[in-house]
Ligand SMILES: Cc1ncc(COP(=O)(O)O)c(C=O)c1O
């Protein structure tokens, strides 16, 4: 059966983590995989998550199946949280999924069912798993210009010029905030333009929100998507609880579908549940039960918001410290853009040989392409990192 089967290609991100784990050098820095770490280098269980878990332990009296769409209370709490008072809520429906990855895949499956000729447009660059997920679902993938490697910001005019050519067979996948891998986010003006184009040209916006609260704040990070959701006839959204609830391994996410009418959204949902049924059937419950417990309790929710504020504050502090240290070590303002980037990542604009030198000479692990997980860095390592980066820039 398996004689002809070739091994899978290495995962570009997970393979770096593995290599770093095997590295024996004490001063090694794992800045590859996208996990938040506190200043002690730990990815903590949030205290509000612990409280929710204790409540669940005390009150949960059954482990019976929940349902194909997961926990509807979680789905509603998440929709309320993501969309606030957005008018699209009245026609939107949601499905609990195993992480945003599960949501991306189910939504891709339903796009394929609805229109097999769809092309999904990704930003150039985009999250490393976007293209594999879309392609595995049988969809064509194309790229619109996004990251300007010179300015380290979004090239909005080039992006909008490409999007202006798209139509009814196209889906445009947009990062709501804290763009992965670049850290460069779209302006509100660009959200307005994309919204107008989606309405006029008929392409379907597909929003991925994996880092809400890590950029500028919970509401600020959702402002673009809420503007769009209010106005376009249809949109899809994949949301992750991995980062802002710190629930990475609990695989907790949400797929949102908004069609022009609630009954059309329900129809799409039924096809999504059919896809879920024939793959994993039901999502894991624990993470969703934690999130629901937090979001449904005003006091606990406020405590959680404060924990996210703290994580965001730490990331912003590391960004500032990095810029200062790199100004000194490179005697230039070359890396000042790091302070303008949002969320966990920045693309540094260094070449593969420099990424390799950081790894081999300095035990610093970045993702190939020069993506750095700023949220994985401790303040005491900033100087070593800055000096090492300066060395490989010579
Ligand atoms: C943009 C983006 N979307 C989706 C995901 C997947 O998140 P999850 O852990 O919820 O599957 C990630 C994870 O890194 C991401 O960066």
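Couple of notes before you dig in:
- Any hit, the stretch 197-219, residues being in contact with a strand residue (DSSP E or B) (Cβ under 8 Å, 6 or more places away or on another chain), farther than 19 Å from residue 125 by Cα and within 16 Å of the ligand (Cβ to nearest atom): yes
- When each of 131, 176, 184 is tested for being in the same structural domain as residue 82 (by TED's automatic domain parsing), without any contact (Cβ under 8 Å) to a residue 12 or more places away in the chain, touching a strand residue (DSSP E or B) at 6+ places or on another chain (Cβ under 8 Å) and within 16 Å of the ligand (Cβ to nearest atom), the lone residue that passes is 131.
- Residue check, residue 341 part of a loop (DSSP other than H, G, I, E, B), over 27 Å from residue 222 (Cβ atoms) and at pLDDT 95 or above: no
- Candidates 251, 271: the one that is touching a helix residue (DSSP H, G or I) at 6+ places or on another chain (Cβ under 7 Å) and closer than 16 Å to residue 112 by Cβ is 271.
- Residue within the stretch 252-264 that is closer than 30 Å to residue 52 by Cβ and surrounded by fewer than 22 Cβ atoms within 10 Å (Cβ to Cβ) present: no
- Within the stretch 20-59, the set of residues being within 26 Å of residue 314 (Cβ to Cβ) and not in a loop (DSSP other than H, G, I, E, B) comprises 20, 21, 29, 30, 47, 48, 49, 50, 51, 52, 53, 54.
- Among the residues examined, residue 222 does not qualify as in the same structural domain as residue 134 (by TED's automatic domain parsing), closer than 20 Å to residue 90 by Cα and within 11 Å of the ligand (Cβ to nearest atom).
- Close pairs from the stretch 309-327: first under 15 Å from residue 183 (Cα atoms) and not assigned by TED's automatic domain parsing to the domain that holds residue 218, partner assigned to a helix (DSSP H, G or I) and at pLDDT below 95, Cβ under 7 Å, at least 6 apart: none
- Within the stretch 103-120, restricting attention to residues that are touching a strand residue (DSSP E or B) at 6+ places or on another chain (Cβ under 6 Å) and surrounded by 23 or more Cβ atoms within 10 Å (Cβ to Cβ), the residue that is farthest from residue 257 (Cα to Cα) is 120.
- Of note, residue 33 satisfies the criterion of being modelled with pLDDT under 95, touching a helix residue (DSSP H, G or I) at 6+ places or on another chain (Cβ under 8 Å) and under 30 Å from residue 379 (Cα atoms).
- For the stretch 60-83, the set of residues classified as in contact (Cβ under 8 Å) with a residue 60 or more places away in the chain and part of a helix (DSSP H, G or I) consists of 73, 74, 75, 77, 78, 79, 80, 81, 82, 83, listed by residue number.
- Residues of the stretch 108-117 satisfying the condition of being within 16 Å of the ligand (Cβ to nearest atom) and under 15 Å from residue 170 (Cβ atoms): 108
- Selected residue [under 15 Å from the mean Cα position of the chain (by Cα) and either assigned to a loop (DSSP other than H, G, I, E, B) or touching a residue at least 12 places away in the same chain (Cβ under 8 Å) (or both)] from 113, 104: 104
- Residue within the stretch 241-252 that is in the same structural domain as residue 112 (by TED's automatic domain parsing), without any contact (Cβ under 8 Å) to a residue 24 or more places away in the chain and more than 16 Å from the ligand (Cβ to nearest atom) present: no
- Residues that are assigned to a helix (DSSP H, G or I), in contact (Cβ under 8 Å) with a residue 60 or more places away in the chain and surrounded by fewer than 20 Cβ atoms within 10 Å (Cβ to Cβ) within the stretch 291-300 comprise just one, 300.
- Some residue of the stretch 155-167 being at pLDDT 95 or above and either within 14 Å of the ligand (Cβ to nearest atom) or under 18 Å from the mean Cα position of the chain (by Cα) (or both): no
- Out of 52, 8, 58, 64, sole residue that is modelled with pLDDT under 95 and more than 23 Å from the chain's Cα centre (by Cα): 8
- Residue within the stretch 84-96 that is part of a helix (DSSP H, G or I), away from the ligand (no atom under 13 Å from the Cβ) and without any contact (Cβ under 8 Å) to a residue 40 or more places away in the chain present: yes
The values are calculated or read from the model by the stated rules, or taken from the named source; none is laboratory data. No experiment lies behind these values; they were computed from the predicted model shown. Cβ: placed from backbone, ideal geometry, glycine included. Neighbour counts: every protein chain shown.
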